[in-house]
Each structure stands twice: as C-alpha cells, then as structure tokens.
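The structure appears below as structure tokens.
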Amino acid sequence: MSTTLSKPARKPTRTAPRRSAVIWLSYGILVAVAVVVLLADVLAPHAPNQQDLTSVLLGPSAEHPLGTDDLGRDVLSRLLHGTRVSILAALLAVGIALVVGFPLGILAGYVGGWPDAVLMRLLDTVMAFPALVLAIGITAMLGPDITTAMVAVGVVLTPVVVRLTRAQTMAVAGQTYIEAASSFGARGVRRMILPHVVPNVVQPIVAQVAVLIGFALIAEASLSFLQLGVQPPTASWGTILARSYTFLERAPMSIFVPGAAIALTVFALNIVGEEVQRLLDPRRR
Amino acid sequence: MRIVSAVASRLVWTVPTLLLATLVAFLLQQLIPGDQAVALAGEYATDEKLAAIRADLGLEQPVLTRYLDWIGGVVTGDLGTSYRTGQPVAEIVLDRLPVTLLLTLLALLIAIAIGVPSGVAAAQRPGTWVDRLFTTAATAGIAIPNFWLGMMLIAVFAVQLGWFPGPGGVDFADDPGNALRALVLPSVALGMVGSAEICRQVRSAMIENLGSDYVRTLRATGLSHWSIVWRHALKNSSLPLATILGIQVSHLVGGAVVVEAVFGLSGIGSLVVEATNQRDYIVIQAVVLLAAVIVLVTNLVVDISYRLLDPRIS
C-alpha cells in the first residue's frame with residue numbers, strides 16, 4: 001500500500017495537461033460529428049448520389065475537396081451524408097439495446113429469484129455467440145437492410161446493458177435508503193423502482209452508452225461493408241469503404257478518409273465514455 | 001484427479017448452454033419473414049415446386065419436431081444438406097474451417113506478442129508519458145475497424161511495396177508456403193485490436209500486482225526488478241490474462257468474418273456471407289452454431305485454466 005499512497009502526490013500534476021488535451025480533442029470530434037449529422041445537407045457541396053461519369057476518380061480539387069469516386073460522385077458529400085446514416089444507425093441499435101435491456105436488468109437485479117436465473121441463462125447463451133456472427137445470422141434471416149442490421153446489433157448489445165443494469169441494481173437494492181423507502185411502504189414500479197432505484201442505477205449505463213455507440217458504429221461499417229447493412233447507393237461509412245475498396249489499386253487514398261472517420265469517432269467515444277465514468281464515480285472526486 | 005473433477009463440473013455447466021445455443025441457432029430460421037419456401041425458390045415458383053421444397057425441408061411439421069430432427073442430426077455430425085449446392089453442410093463447413101481457425105490462432109498469437117509486453121511496459125510507471133503513450137495507443141487500437149486496417153495493410157504492403165500477396169486466398173494443398181504468407185496481413189489486421197485490449201488488461205493487472213505487499217517483500221529479498229516483473233507479477237496476472245484471451249477468441253471469430261471478406265480468404269466467415277447472398281439458410285445456421293461452439297469450448301478451457309493457474313480456485 002505504501003507505494004500506492006506515495007504516488008498520487010505527483011501523478012495529477014504530471015498527467016493533467018496532456019490527458020485533458022486528448023479529452024478536449026475527443027469532445028471536439030464528437031461536436032464536429034454532431035454538426036455533420038444535423039447539417040449534412042447544408043455542408044455537402046454536392047448531392048451524395050449524383051453521378052458524373054465524365055469526372056471519375058478525380059484527385060482533390062476546389063470543386064471536389066476529397067475527389068470523386070468511380071461513378072464521379074463527390075467523395076466529401078458522400079462522406080458527410082454517410083456520417084449521418086452511420087451515426088443514426090448506431091443510435092438506433094443502442095436505443096434498442098437500452099429500451100429492452102434496461103428494464104430487464106432492473107427486473108433481474110431487483111426481483112432476483114427464478115426470473116433472474118432464467119434471464120441470465122438466456123443471456124449467457126446469447127453472449128456465447130460472437131457478436132458479429134450472431135448479428136450476421138439475424139440480418140441474413142430477416143433480409144439484409146439497415147434497419148434489420150441495426151435491430152440485430154441491438155439484440156447482441158442487449159445482454160451487455162442487462163448485465164450492467166442488473167449488477168448496479170443489485171448493489172443499490174442492498175442500500176439502507178431502499179430499505180428505508182420500503183419500510184415507509186414504497187413498492188411497485190411507480191413508488192419504488194422509478195423514484196428510488198432508477199436514478200441510482202442510471203449513471204454507469206450513461207457512461208457505457210458512448211462505448212456501445214462506438215461498437216455499433218464499427219458493427220454498422222462491418223455489416224454494410226459485407227452488403228448486409230446499408231444498401232447502395234445510399235452512402236454510409238461501411239458502403240463507402242466497400243465501394244472504394246473495389247478501386248483500391250487505382251486510388252489507394254480513397255479508403256483512408258472514411259476509415260479514419262470511423263476510427264476517430266470511435267476513439268473519441270471511448271475517451272469520452274471513460275471520462276464520463278470518471279466524472280460520475282463519486283470515489284474519484 | 002483435480003483436473004478431472006474440474007472438467008466434469010464445468011462440462012455440466014456448458015452442456016445446457018450449448019443446448020440453448022442450438023435452440024437459438026435453430027430459431028433464427030423463424031425470423032425469415034413470410035414463407036421460407038418462397039424465400040428459397042423465388043416469388044414466381046410454381047405451387048408444385050413450393051410444395052416439394054416444403055416437403056423436402058419438413059416445413060409443414062411443427063417447429064419442435066423440426067428442431068428435434070435437426071438437433072438429432074447435429075449430435076451425430078449431420079448438419080443437413082445445403083439447399084443450393086446439395087452438398088452436406090458439415091462437409092462444406094469443415095472444408096472452410098481450417099482457414100478461419102488458423103487465421104484466428106495467428107491473430108491471437110500476434111495480439112499476445114504485442115499486447116503483453118506493451119501492457120507490462122505501460123505498467124512500469126503508471127501516469128508517466130510512456131504509460132500514456134501505450135494507453136492512448138491502445139484506445140486508438142480498439143477504435144480502428146479491423147477490416148479497414150486490413151485494407152490499409154493491403155494498400156501499403158501488397159499494392160505499393162508488393163511484400164505480401166494481395167487479396168485472393170491461396171489453397172493450402174497447392175502451396176502451403178504462399179498460403180501462410182497470404183495469412184500474415186489478415187492476421188495482423190485481426191490481431192491489432194486484440195493486442196490493444198490485452199495491453200489494457202495486462203497493464204491494470206500488473207499495476208495492481210506491482211503495488212502489492214508480496215512484491216515489496218520480493219524487492220526486500222534483493223530480487224532484480226525485471227525478475228520480479230516477469231517471473232512473479234506477470235505470473236500473478238495470468239488469471240485476468242486468461243479471461244481476456246477467452247473474450248478475444250470470441251471477438252476474433254467475429255472479426256474474422258469481415259477480415260476474410262477483405263482478403264478473399266475462404267473460411268467460415270466468407271462462407272456465411274456467401275450463404276446469406278444465396279439465402280442458404282441451413283448453412284448460415286450451421287456457421288452461427290459453430291461459432292458459438294468455438295466460444296463455448298474456449299470458455300471451458302479458460303475456466304479449467306483458472307484451476308490450473310490458481311490452486312485456490314476449486
């Protein structure tokens with residue numbers, strides 16, 4: 001213990017400046033992504049699907065800042081519109097996971113007993129499947145398109161939300177204030193769960209949401225790359241990558257920008273997720 | 001004897017999950033919207049053809065009967081027959097499995113080879129620039145989609161430099177040397193994300209161990225720093241390492257699907273994509289189940305390894 005006690009004295013001063021630089025950069029990236037999602041139509045110089053076969057695979061120019069693809073479509077415009085599609089898709093998947101997983105997690109954690117045992121067994125089974133493989137299986141059966149793909153990603157994310165919510169609920173359920181509330185006659189969803197349990201369970205889930213969105217973004221890109229998600233000609237990060245991969249040898253740089261967009265956004269989400277977790281953790285204040 | 005009872009007790013836990021997994025894999029078919037026969041034969045198929053397909057697949061029978069039929073076959077190694085090629089599904093899958101297993105194994109080795117030393121290095125002085133460099137790099141590594149990394153590797157090392165073969169798999173039977181060379185870039189693409197996750201786990205486990213009392217005692221006996229790090233602290237970090245390796249196998253099998261597609265490797269990943277395009281549902285079902293079996297077997301091995309690594313766990 002003595003080593004850990006002596007260290008914090010110098011740690012904050014040495015880590016604080018650069019750590020916060022990465023965090024501010026991450027906030028910046030997420031704000032930029034949010035702006036693109038809201039204003040893709042305004043920001044894009046061209047229509048995303050507008051073809052011009054007289055100007056295919058052009059390099060960067062004033063008219064096409066990121067050049068054009070093999071059908072003469074403006075890469076920047078496709079990227080901006082694709083950002084909107086990818087982010088909304090990821091939000092849909094995470095939204096499904098939260099709407100299904102959060103109540104189930106509270107139920108399992110608060111009620112316990114056989115509902116908990118049955119649910120956990122089922123979730124263990126779902127988690128035995130590699131997430132992407134199960135998502136592909138579900139998408140393949142439902143018929144490939146972006147909604148089914150994101151429902152599938154939502155399904156594979158649900159156990160993560162349930163487990164986290166359940167663990168937190170179990171921790172909260174043993175607290176004295178819950179006992180106190182219950183001795184005052186609080187029970188049921190409206191008098192016990194909503195006012196006393198939910199507010200104390202929500203925090204770690206909030207921190208996890210950023211990480212889940214990051215996972216969903218990569219899943220969207222993967223499924224769309226395999227033509228199981230967003231369908232051409234609609235632009236998304238995955239479909240743009242899939243398309244530009246087919247002319248890799250003629251324009252190797254064209255794969256760089258969409259991939260970097262994914263990587264930077266997911267990086268920012270993970271950093272912000274960690275930061276939110278740190279800020280919400282009362283022990284670290 | 002300890003091992004035998006450990007294996008037995010874990011098997012008791014694994015078998016029900018395995019059975020449930022077969023049920024999940026089977027029930028995926030129930031998700032097919034509308035009539036499966038129409039989905040297979042197309043909208044313009046004649047009624048006789050549809051009836052033939054239904055009879056062939058036993059679609060008129062209740063779901064439970066069909067499940068029991070299928071699971072009876074699965075137990076004996078009969079996964080059914082592909083509707084598209086007429087080949088036994090087990091044969092198709094076994095034909096594709098070695099590439100995926102080899103790719104996953106190589107990726108896991110790369111992930112360990114990079115992840116463990118960098119996690120150890122980062123844990124030496126927590127909070128310093130070395131640590132920050134590794135942890136930031138690890139966070140960045142987790143954020144990079146493996147298939148994009150694969151494309152970038154192809155663009156640089158196959159297209160520009162020509163050091164490795166580009167996409168398009170090589171048959172092992174024809175040319176083992178070149179086939180192995182063709183697996184280098186995909187394994188790196190797949191293993192990088194894993195190395196980042198391993199780095200983070202090893203780092204936190206090592207920091208905890210290096211700050212503990214037994215390490216202080218070892219230092220007092222005059223043992224050199226690196227011998228404490230490698231021989232004692234890392235050994236005591238092997239439980240979290242085993243856990244993360246188990247999780248990695250699941251991630252790698254999932255990631256292999258996309259990486260195989262990028263590199264044109266004919267493993268079970270590209271098989272499931274082909275089967276999806278051809279609506280060969282029974283093949284999809286088999287691959288999904290096989291992936292779960294790989295993960296469950298890995299979890300079993302990890303659970304048993306806990307007992308081997310730490311005698312206190314019983």
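The values are calculated or read from the model by the stated rules, or taken from the named source; none is laboratory data. Everything quoted here is computed from the prediction, not taken from an experiment. Counting neighbours? That spans all protein chains shown, and the Cβs are built from the backbone with ideal geometry, glycine included.
Which one is surrounded by the fewest Cβ atoms within 10 Å (Cβ to Cβ) among residues in region A:111-166 that are under 16 Å from the mean Cα position of the chain (by Cα) and within 18 Å of B:Leu290 (Cβ to Cβ)?
By that ranking, first place goes to A:Ala131.
Can you name every residue in region A:223-272 that is closer than 28 Å to B:Arg200 by Cα, among the small types (Gly, Ala, Ser) and more than 7 Å from every other protein chain (Cβ to nearest Cβ)?
A:Gly238, A:Ala260, A:Ala261, A:Ala268
Quick check on region A:184-199. Is at least one of its residues closer than 25 Å to B:Trp148 by Cα and not polar (S, T, N, Q)?
no
Only one of A:Val211, A:Val198 is within 14 Å of chain B (Cβ to nearest Cβ), over 30 Å from A:Asp70 (Cα atoms) and surrounded by fewer than 24 Cβ atoms within 10 Å (Cβ to Cβ). Can you tell me which?
Testing whether each residue is within 14 Å of chain B (Cβ to nearest Cβ), over 30 Å from A:Asp70 (Cα atoms) and surrounded by fewer than 24 Cβ atoms within 10 Å (Cβ to Cβ) leaves just A:Val211.
Working carefully through the options B:Val273, B:Val262, B:Val258, find the one that is modelled with pLDDT of 90 or more and facing chain A (nearest Cβ under 9 Å).
B:Val258
Looking only at region A:214-262, how many residues end up being of a type in the set (Val, Ile, Thr), in contact (Cβ under 8 Å) with a residue 60 or more places away in the chain and either in contact with an Asp or Glu (Cβ under 8 Å, 6 or more places away or on another chain) or closer than 14 Å to A:Leu66 by Cβ (or both)?
Residues that pass the stated criteria total 4.
Given the conditions (1) touching a helix residue (DSSP H, G or I) at 6+ places or on another chain (Cβ under 6 Å); (2) outside any helix (DSSP H, G or I), report the number of the one that A:Arg250 does not fulfil.
(1)
Would you mind finding the one in B:Ala90, B:Ala121 that is without any contact (Cβ under 8 Å) to a residue 60 or more places away in the chain and either among the aliphatic types (A, V, I, L, M) or farther than 30 Å from A:Ser254 by Cβ (or both)?
B:Ala121
Kindly indicate whether B:Met192 is in a helix (DSSP H, G or I), within 14 Å of chain A (Cβ to nearest Cβ) and closer than 21 Å to B:Ser270 by Cα.
Answer is yes for this residue.
Would you confirm whether or not region B:127-137 contains a residue that is of a type in the set (Phe, Trp, Tyr), at the interface with chain A (Cβ under 10 Å from one of its Cβ atoms) and touching a residue at least 12 places away in the same chain (Cβ under 8 Å)?
no
So, of the residues in region A:122-146 that are of a type in the set (Gly, Ala, Ser), within 8 Å of another protein chain (Cβ to nearest Cβ) and part of a helix (DSSP H, G or I), which turns out to be farthest from A:Ala219 (Cα to Cα)?
Residue satisfying both the conditions and the ranking: A:Ala128.
Against the definition (surrounded by fewer than 17 Cβ atoms within 10 Å (Cβ to Cβ), without any contact (Cβ under 8 Å) to a residue 12 or more places away in the chain and within 13 Å of A:Met141 (Cα to Cα)), how does B:Gly42 come out, yes or no?
No; evaluated as a whole, the condition is false for this residue.
Select the helices (runs of 4 or more DSSP H) contained entirely in region B:213-314, then report the ones holding at least 1 residues which are under 21 Å from the mean Cα position of the chain (by Cα) and surrounded by fewer than 22 Cβ atoms within 10 Å (Cβ to Cβ).
Qualifying helices (runs of 4 or more DSSP H): B:238-263, B:268-277, B:281-309.
What do you reckon, is B:Ala182 touching a residue at least 60 places away in the same chain (Cβ under 8 Å) and touching a helix residue (DSSP H, G or I) at 6+ places or on another chain (Cβ under 6 Å)?
No.
With the requirement that a residue be among the hydroxyl-bearing types (Ser, Thr, Tyr) and touching an Asp or Glu at 6+ places or on another chain (Cβ under 6 Å), what does region B:256-272 give you?
Within region B:256-272, B:Ser270 is the sole residue that qualifies.
Of the residues that make up region B:156-167, is at least one among the β-branched types (Val, Ile, Thr), within 12 Å of chain A (Cβ to nearest Cβ) and out of contact with any strand residue (DSSP E or B) (no Cβ under 9 Å at 6 or more places or on another chain)?
yes
All but one of (1) under 14 Å from B:Val116 (Cβ atoms); (2) buried (at least 18 other Cβ atoms within 10 Å of the Cβ) hold for B:Leu210; state the number of the condition that does not hold.
That leaves (1) as the condition not met.
Report, by residue number, each residue of region A:29-61 that is in a helix (DSSP H, G or I), under 16 Å from A:Ser86 (Cα atoms) and of a type outside the set (Gly, Ala, Ser).
Listed by number, the residues that qualify are A:Ile29, A:Leu30, A:Val31, A:Val33, A:Val35, A:Val36, A:Val37, A:Leu38, A:Leu39, A:Asp41.
Answer yes or no as to whether B:Ala122 is surrounded by 17 or more Cβ atoms within 10 Å (Cβ to Cβ), closer than 29 Å to B:Ala292 by Cα and more than 9 Å from chain A (Cβ to nearest Cβ).
Criteria not met by B:Ala122.
Would you check if A:Ala181 is in a helix (DSSP H, G or I) and closer than 22 Å to B:Ile144 by Cα?
Judged against the criteria, A:Ala181 is not a match.
With (1) within 11 Å of another protein chain (Cβ to nearest Cβ); (2) touching a Ser or Thr at 6+ places or on another chain (Cβ under 8 Å); (3) not β-branched (Val, Ile, Thr) as the list, and A:Leu92 as the residue in question, which single condition is left unmet?
(1)
For B:Val302, are the conditions met, namely being out of contact with any His (no Cβ under 6 Å at 6 or more places or on another chain) and more than 30 Å from A:Thr148 (Cα to Cα)?
So B:Val302 passes the test.
Mind telling me which of the residues A:Ala108, A:Ala149 ends up being in contact with a helix residue (DSSP H, G or I) (Cβ under 7 Å, 6 or more places away or on another chain), within 12 Å of chain B (Cβ to nearest Cβ) and in a helix (DSSP H, G or I)?
Of the residues listed, the single one that is in contact with a helix residue (DSSP H, G or I) (Cβ under 7 Å, 6 or more places away or on another chain), within 12 Å of chain B (Cβ to nearest Cβ) and in a helix (DSSP H, G or I) is A:Ala149.
Residues A:Pro48, A:Pro17, A:Pro60: which one is modelled with pLDDT under 75 and either more than 14 Å from chain B (Cβ to nearest Cβ) or exposed (fewer than 15 other Cβ atoms within 10 Å of the Cβ) (or both)?
A:Pro17
Kindly indicate the residue of region B:20-31 that is facing another protein chain (nearest Cβ under 9 Å) and at pLDDT 85 or above and also farthest from B:Val283 (Cα to Cα) among those meeting that condition.
B:Leu20
Could you check region B:46-58 and list, in sequence order, the residues that are surrounded by 13 or more Cβ atoms within 10 Å (Cβ to Cβ) and modelled with pLDDT of 75 or more?
Across region B:46-58, the qualifying residues are B:Lys49, B:Leu50, B:Ala51, B:Ala52, B:Ile53, B:Arg54.
Of B:Pro98, B:Pro88, which residue is surrounded by fewer than 20 Cβ atoms within 10 Å (Cβ to Cβ), modelled with pLDDT of 85 or more and under 19 Å from B:Asn178 (Cα atoms)?
Testing whether each residue is surrounded by fewer than 20 Cβ atoms within 10 Å (Cβ to Cβ), modelled with pLDDT of 85 or more and under 19 Å from B:Asn178 (Cα atoms) leaves just B:Pro98.
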